[in-house]
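Take a look at the structure below.
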Amino acid sequence: MLKLEKRNINLDVIRCIAVFSVISVHFFNNTGFYQQIVSGKRMYCMVIMRTFFMICVPLFLILTGFLMSKKELNRKYYKGLLRTIEVYVCAELICLCFKKYILGEEIWKGRFIFDIIGVQGIDYSWYVEMYIGLFLLIPFLNLIWKGLETKKRRVVLILTLLLCTTIPTMFNIFDWSISGFWTMPSISQNYQSIMPDWWINLYPLTYYFIGTYLREYDLKISVKINILMLIVAVVLGGTFNYYRSYNSLFEWGSYNGWNGIENVINSILVFVLILHMNFDKVFTCIKKGIVNISEWSFGIYLLSWVTDQIIYSRFNALVPEMVDRLNYFLPIVISVFLCTIVLSAIVNIFCDLLEKTVVYLFEKYNKNILNRP
C-alpha cells in the first residue's frame, strides 16, 4: 500500500498502454497485413488502428524523459541498467532455446553468446540497442537541459530537434517526377527529398526532451478537447496512410514511422490525456495489477515474440483470409498479452531471486572476512 501511495499510477497506466500497443502493432506484422493490397473498408479500418497503436515506442521514450530528467552522472545511476540487462539476457536465452528446441533451428552453442552480446537473438530486440545507448546518454542530456535554464531556450531545443527528426517526414513523401502522382501516390514508393533528412534517426532524443518538458512545464488541455484532437489526428493520419498506399502494399515510410509527425502528435496527446486522468477511485487490486504489468513491461515486450510464434501460427491457419483476421483482433491480442505477462512475471521473479541471492552471498562473504582472526 505504501508503495502504491508513492507511485504515480498515471505513469504506470501509460506504460501499460505502450506495451499493449506494441503487441497490437505486432498483430499486423504477424497476420500478413503488410502483404495485403490496401483497399476496401476492412483495410481502411486496419490502417487506422495501426496508425493509433504506433504510439507504443514514442510513449516509452516520452516516459523515459519524464522519469529520468533529474538523473545525474554517478556510480549509482549506472547500476540502474543492471535489471534491464538481467531481463534482456533471460529473454534472449528463452527465445534462443525456443528457436532451437521448438522451431528446430540449427543454433550452435557459441551463437548463444554472440546473439546475446550482439542483441540478435530476439526479433524485437532492436529497442534494447537503442535504449541502452539512450540510457548512457541521459546524464549528459540532462546537463544540456539544465544548462539551457529558461523555458524559451528549452522550447527552441525541442523545436530544433523536431526540425531535424520530424519535419522532413511531412515533406519527403511523394515522387514529384511522376505526372499526376497525387491521384495514385502508391505507384511509386520513392520520393524526392525536399528537406534534408540525415538526422531523422535521432528521434529518441526528440521524444526524450518532450518528456522532460512535460515533467517541467506540463501541457494543459481539457480532457474533451484532448480526446477530440486525438480522434481527429488518428483519423487524418490513418486516412493519409491509406491514401498513400491505396491499391498497393502498405508503405512504412518515415511519415508514419516512429519519428513521423503522426506519431509525435498522437503520442503527446495520449501521454497528456492519461497523465491528467484521475485514478483515485480505481480499486487497489486493479492498481496493483497495473503496477505489476508496468514493472514487467520490458520483459513483456521482448518475450511477446515467443507467444507470437505460438499463437499466430495456429490462428493464421484457422483464418486463412487476412482481412477476416480483423474480427479476432481483440481476443488474439489479449491472449498474447496475458500469456506474455505470465512469462515476464516468471523472468522478473527469477531476477528478483537472483539479486537477493547475490546480495546474501556478498554479505555472508563480508561477514566471514570480518570474523577472521
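What to note about this one:
- Within the range 83-100, the set of residues being over 20 Å from the mean Cα position of the chain (by Cα) and free of Cβ contacts under 8 Å to residues at least 40 places away in the same chain comprises L93, L96, C97, K99, K100.
- Taking (1) over 25 Å from D123 (Cβ atoms); (2) touching a residue at least 12 places away in the same chain (Cβ under 8 Å) in turn, V19 satisfies each apart from (1).
- Residues in the range 114-135 that are among the small types (G, A, S) and either over 14 Å from L205 (Cα atoms) or touching a Leu at 6+ places or on another chain (Cβ under 8 Å) (or both): G118, G121, S125.
- Positions within the range 251-288 being in contact (Cβ under 8 Å) with a residue 40 or more places away in the chain and among the β-branched types (V, I, T), in sequence order: I261, V264, I268, V270, V272, I274, V282, T284
- Per-region count, the range 260-299, residues outside any helix (DSSP H, G or I), open to solvent by 40 Å² or more (accessible area, probe 1.4 Å) and in contact with a Lys or Arg (Cβ under 9 Å, 6 or more places away or on another chain): 1
- Number of the condition not met by G238 [criteria: (1) farther than 30 Å from L148 by Cβ; (2) surrounded by fewer than 17 Cβ atoms within 10 Å (Cβ to Cβ); (3) of a type in the set (G, A, S)]: (2)
- Answer residue from the range 201-225, given it is part of a helix (DSSP H, G or I) and basic (K, R) and is surrounded by the most Cβ atoms within 10 Å (Cβ to Cβ) among those: R215
- Candidates I116, I132, filtered to the one that is within 15 Å of the chain's Cα centre (by Cα), of a type outside the set (K, R), over 27 Å from Y242 (Cα atoms) and assigned to a helix (DSSP H, G or I): I132
- Qualifying residue in the range 93-100 (condition: charged (D, E, K, R), farther than 25 Å from S297 by Cβ and assigned to a helix (DSSP H, G or I)): yes
- Subset tally (residues that are crowded, with 20+ Cβ neighbours inside 10 Å and of a type in the set (D, E, K, R)) for the range 241-259: 1
- Residue within the range 40-63 that is assigned to a helix (DSSP H, G or I), modelled with pLDDT of 95 or more, open to solvent by less than 30 Å² (accessible area, probe 1.4 Å) and among the polar types (S, T, N, Q) present: yes
- Failed condition for D175, given (1) among the charged types (D, E, K, R); (2) outside any loop (DSSP other than H, G, I, E, B); (3) farther than 22 Å from L61 by Cβ: (2)
The values are calculated or read from the model by the stated rules, or taken from the named source; none is laboratory data. Predicted model, so just to flag it, every value in this text is computed and none were measured. Glycine also receives a Cβ, built like all others from the backbone with ideal geometry; neighbour counts cover every protein chain displayed. Note: areas computed on protein heavy atoms with side chains; ligands, DNA, RNA excluded. Shrake-Rupley method; radii C 1.70, N 1.55, O 1.52, S 1.80 Å.
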